[in-house]
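K.L.:
I'd like to ask some things about the structure below.
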């Protein structure tokens, strides 16, 4: 079973038929930021990678964007840092 994310810039405008189609593809989340990155990359003919820190409590209270160490921010940043370092090393001809 594939687990997928639906990337759209139409926040809160998903139709019932679109949601049903997403369920049929085992989509578990809706992501609304990466679509702009992907569109830019396509237009500029560049590659892009997007890391998502998944939460179900976004925009519940003012200032809740930073989830803090207990909710995985530190671990998430470590994964991104390791990936960036690996990419940088690879791009420079390292292993």
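Throughout, read-outs are computed from the coordinates displayed, never taken from laboratory work. For clarity, every value in this text was computed on a predicted model and none was experimentally measured. Here the Cβ positions follow ideal geometry from the backbone for every residue, glycine too, while neighbour counts run over all protein chains shown.
K.L.:
Please give the length that would be gained between residue 78 and residue 53 if that part of the chain were fully extended, namely 0.36 nm times their separation in residues minus their C-alpha to C-alpha distance (nm, one decimal). Kindly include the intermediate steps, with their values, before the conclusion.
P.N.:
Values: separation 25, 0.36 × 25 = 9.00 nm, distance 1.19 nm.
Result for the pair: 7.8 nm of gain on full extension.
K.L.:
What nm value, rounded to one decimal, do you get for the distance between residue 46 and residue 13 when each label is placed 7 Å out toward the C-beta?
P.N.:
Label at residue 46, label at residue 13, 2.6 nm between them.
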